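Trainee: Below are the structure tokens for one structure; questions will follow.
The values are calculated or read from the model by the stated rules, or taken from the named source; none is laboratory data. These numbers come from a predicted model, not from an experiment. Note: ideal-geometry Cβ built from the backbone for every residue, glycine included; neighbour counts use all protein chains shown.
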Amino acid sequence: MLLPSLFTDYMTTFRSSKKVNLMANDLFKSEGDINYGIERDNYISKIKDSKTKELLERDSKVFYHQALSTPCMQALSYADQSSIFDIAGNDYLDFHGNNVHLLGYGHPRLIAALQKQMNTLPFSPRRFTNETIVQLAEELVKRSDGDMGRVLFSPSGAIAMGMAIKLARKVTGRYKTISLWDSFHGASMDTISIGGEAIFRNDIGPLMPGAHLAPPPDPQGCLWQCGDACNAHCASYIEYILKKEGDIAAVIAEPMRSVPIIPPAEYWQRIRKACDEHGTLLIFDEIPNGLGRTGSFYTYKQYGIIPDMVVLGKALGGGLIPFAGVLGKSLFNAVLKNTAIGHYTYEKNPLGAAVALELMKILDEENLIALGKEKSKIIEEEVKAWKYTYKIIDSFRASSLLMGIVLDKDHHYWTKLDVAEFLMYECLRNGLNFKVSQGHILTLTPPLTITISEIKRALNILKRAFDALYTRCQR
């Protein structure tokens, strides 16, 4: 059986060339690192533990092989606080965690809250409510602004985004959307339609109609050549589409892109104004970075605007329960009498609600959101100092503990090897886990509970990886 063209092209490129400039292939610049490549092969070939190799082989035999996620590259046995541990006993500081580990792994208070709820009401059928789920809805509303007064919950972020899209259609009577190239909002059919990553869309269509895509506010790849910092000129493209189409239901985006891309306040303020002028809703996807990672409980608060809906997920379940939801304006309730946009089995999930409520208590009591900003400054100061030594570092982007080391895509080292993949696997070998985004950004998202000593250890591992890169490329 022939592999799909995506894998055929990719593997042909890698297996037949000793020197490949990956940056020339836009198809593989995605939310995460690719499962195939020379550096990955090198990493897996050096695994010596027999139990690890056996489990990886068993995994490879029973799971579908994708460009992302599976097949896997390591086997875990347990996780604790800021670290994950493989079955050979090696530990890794987790600066990835799929962004579910806002309070680290296995926080004792979250586990206690979950166990307490499991002993009383582990499941609530949809037609019944429960105290825990109502308390959570009230708490999310209390922390929001304006008329943001109603919620619906779901088992995953992609499903919650799907509910937001359906609600936008009902509210506006329109179906078209504007989202951003290179964006990711989930892997379901509706969310890959509004997503902008080819690796999820390739050979899948036809996709959902009316899904327009616009350039992201990324200064490094800006069509308007804005330079080192975004000047919000790209907002004019969205303004233009809104004006010309005239019937867009919603603009959908992460307020801060997870890779990360951190636009200036002017960008979202202009788009909010344009949405209001054209009767279009603004939906913010805060699934990966809401609840405090960026320095505020809701990221939108940093932009001086109020969206029409906010979609939450990942950390909402504390790394224990798959849990997500959409928060929106109360007035939208009027359009739903004859429609069900949710009705998911775990809509009134008391387990997820119990964990989420306890998570918010811990954030408040331990002042973790404010402390995250201070911890980010330690990392930022160190990495910015490295730029004088490691010229391949283009910039450092951060909003609290959503951080990224942006590599210079034009540096000649890319002709020798995949620089980002080399750095990632070198760090893995020494006990630090993070992901590569868009092929050239080292995305760092540690838990808010990370300690200063763990930060210093992670920085030391990163620095040693850059040293190893320069040693290898200067041979």
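Trainee: Just one of the numbered conditions (1) assigned by TED's automatic domain parsing to the domain that holds Asn289; (2) touching a helix residue (DSSP H, G or I) at 6+ places or on another chain (Cβ under 6 Å); (3) under 25 Å from Ile450 (Cα atoms) is not true of Gln115; which one?
Mentor: Tallying (1) assigned by TED's automatic domain parsing to the domain that holds Asn289; (2) touching a helix residue (DSSP H, G or I) at 6+ places or on another chain (Cβ under 6 Å); (3) under 25 Å from Ile450 (Cα atoms), Gln115 fails exactly one: (2).
Trainee: Right, another one. Pick from region 300-314 the residues that are assigned to a helix (DSSP H, G or I) and touching a residue at least 60 places away in the same chain (Cβ under 8 Å): which of them is farthest from Ile133 (Cα to Cα)? Write out each step before concluding.
Mentor: Going through region 300-314, the residues assigned to a helix (DSSP H, G or I) turn out to be 300-303, 314.
Next cut, touching a residue at least 60 places away in the same chain (Cβ under 8 Å) only: 301-302, 314.
On the way: Lys301: 24, Gln302: 27, Lys314: 17 Å.
Among them, the one singled out is Gln302.
Trainee: What residue, among those in region 243-277 that are β-branched (Val, Ile, Thr) and part of a strand (DSSP E or B), is surrounded by the fewest Cβ atoms within 10 Å (Cβ to Cβ)?
Mentor: Looking only at region 243-277, we keep the residues that are β-branched (Val, Ile, Thr), and these are 248, 251-252, 259, 261-262, 271.
Applying the additional criterion that residues be part of a strand (DSSP E or B) yields 248, 251-252, 261.
Numbers: Ile248: 26, Val251: 28, Ile252: 27, Ile261: 24.
Restricting to residues being β-branched (Val, Ile, Thr) and part of a strand (DSSP E or B), the top hit is Ile261.
Trainee: State which residue pairs qualify: first residue closer than 15 Å to Gly149 by Cα and at pLDDT 95 or above and inside region 315-343, second residue small (Gly, Ala, Ser) and surrounded by fewer than 24 Cβ atoms within 10 Å (Cβ to Cβ) in any location, beta carbons under 8 Å apart, and separation of 6 or more residues or different chains.
Mentor: Between residues of region 315-343 that are closer than 15 Å to Gly149 by Cα and at pLDDT 95 or above and residues that are small (Gly, Ala, Ser) and surrounded by fewer than 24 Cβ atoms within 10 Å (Cβ to Cβ), the close pairs are Leu327/Ser144; Lys329/Gly146; Lys329/Gly149; Ser330/Gly149.
Trainee: Tell me yes or no: at least one residue of region 46-57 is touching a helix residue (DSSP H, G or I) at 6+ places or on another chain (Cβ under 6 Å), more than 17 Å from Leu428 (Cα to Cα) and among the hydrophobic types (A, V, I, L, M, F, W, C).
Mentor: For region 46-57, residues touching a helix residue (DSSP H, G or I) at 6+ places or on another chain (Cβ under 6 Å), more than 17 Å from Leu428 (Cα to Cα) and among the hydrophobic types (A, V, I, L, M, F, W, C): absent.
Trainee: If we keep just the residues of region 394-419 that are in contact (Cβ under 8 Å) with a residue 60 or more places away in the chain and of a type in the set (A, V, I, L, M, F, W, C), which is farthest from Ser258 (Cα to Cα)?
Mentor: Leu417
Trainee: Within region 162-199, take every residue that is surrounded by fewer than 22 Cβ atoms within 10 Å (Cβ to Cβ) and among the aromatic types (Phe, Trp, Tyr) and give me the one that is modelled with the lowest pLDDT.
Mentor: Of everything passing the filter in region 162-199, Trp181 is modelled with the lowest pLDDT.
Trainee: If I filter region 193-240 down to residues being in contact (Cβ under 8 Å) with a residue 60 or more places away in the chain and assigned to a loop (DSSP other than H, G, I, E, B), which single residue comes out as nearest to Tyr267 (Cα to Cα)?
Mentor: Here is the first cut: in region 193-240, the ones in contact (Cβ under 8 Å) with a residue 60 or more places away in the chain are 197-200, 202-203, 220, 228, 238.
Now narrow it down to the ones that are assigned to a loop (DSSP other than H, G, I, E, B): 197, 202-203, 228.
On the way: Glu197: 22, Asn202: 30, Asp203: 33, Asp228: 16 Å.
Ranking the candidates gives Asp228 first.
Trainee: Could you list, in sequence order, the residues of region 261-294 that are within 18 Å of Ala229 (Cβ to Cβ) and under 18 Å from the mean Cα position of the chain (by Cα)?
Mentor: Listed by number, the residues that qualify are Ile261, Ile262, Pro263, Thr294.
Trainee: Give the residues of region 353-401 that are charged (D, E, K, R) and touching a strand residue (DSSP E or B) at 6+ places or on another chain (Cβ under 8 Å), sorted by residue number.
Mentor: Of the residues in region 353-401, the ones charged (D, E, K, R) are 358, 361, 364-366, 373-375, 377, 380-382, 384, 387, 391, 394, 397.
If the condition is that a residue be charged (D, E, K, R) and touching a strand residue (DSSP E or B) at 6+ places or on another chain (Cβ under 8 Å), then Glu380, Lys384, Lys387, Asp394, Arg397 are the ones that fit.
Trainee: Here is a check on your reading of the model: is Ala274 more than 29 Å from Thr445 (Cα to Cα), touching a residue at least 12 places away in the same chain (Cβ under 8 Å) and of a type in the set (A, V, I, L, M)? Show your work before the answer.
Mentor: Numbers: more than 29 Å from Thr445 (Cα to Cα): yes; touching a residue at least 12 places away in the same chain (Cβ under 8 Å): yes; of a type in the set (A, V, I, L, M): yes.
Yes, satisfied.
Trainee: Please return the ranges of strands (runs of 3 or more DSSP E) entirely within region 365-475 where 3 or more residues are within 24 Å of the chain's Cα centre (by Cα) and either of a type outside the set (Ser, Thr, Tyr) or surrounded by fewer than 19 Cβ atoms within 10 Å (Cβ to Cβ) (or both). Working first, answer last.
Mentor: Values: elements: 393-399, 402-407, 435-437, 441-444.
Once the strands (runs of 3 or more DSSP E) in region 365-475 are filtered for at least 3 residues that are within 24 Å of the chain's Cα centre (by Cα) and either of a type outside the set (Ser, Thr, Tyr) or surrounded by fewer than 19 Cβ atoms within 10 Å (Cβ to Cβ) (or both), what remains is 393-399, 402-407, 441-444.
Trainee: Here is a follow-up. Would you pick out the residues in region 87-126 that are part of a loop (DSSP other than H, G, I, E, B) and of a type in the set (Gly, Ala, Ser)?
Mentor: Taking region 87-126 and keeping what is part of a loop (DSSP other than H, G, I, E, B), we get 87-90, 95-96, 100-104, 106-107, 121-126.
Answer for region 87-126, where residues must be part of a loop (DSSP other than H, G, I, E, B) and of a type in the set (Gly, Ala, Ser): Ala88, Gly89, Gly104, Gly106, Ser124.
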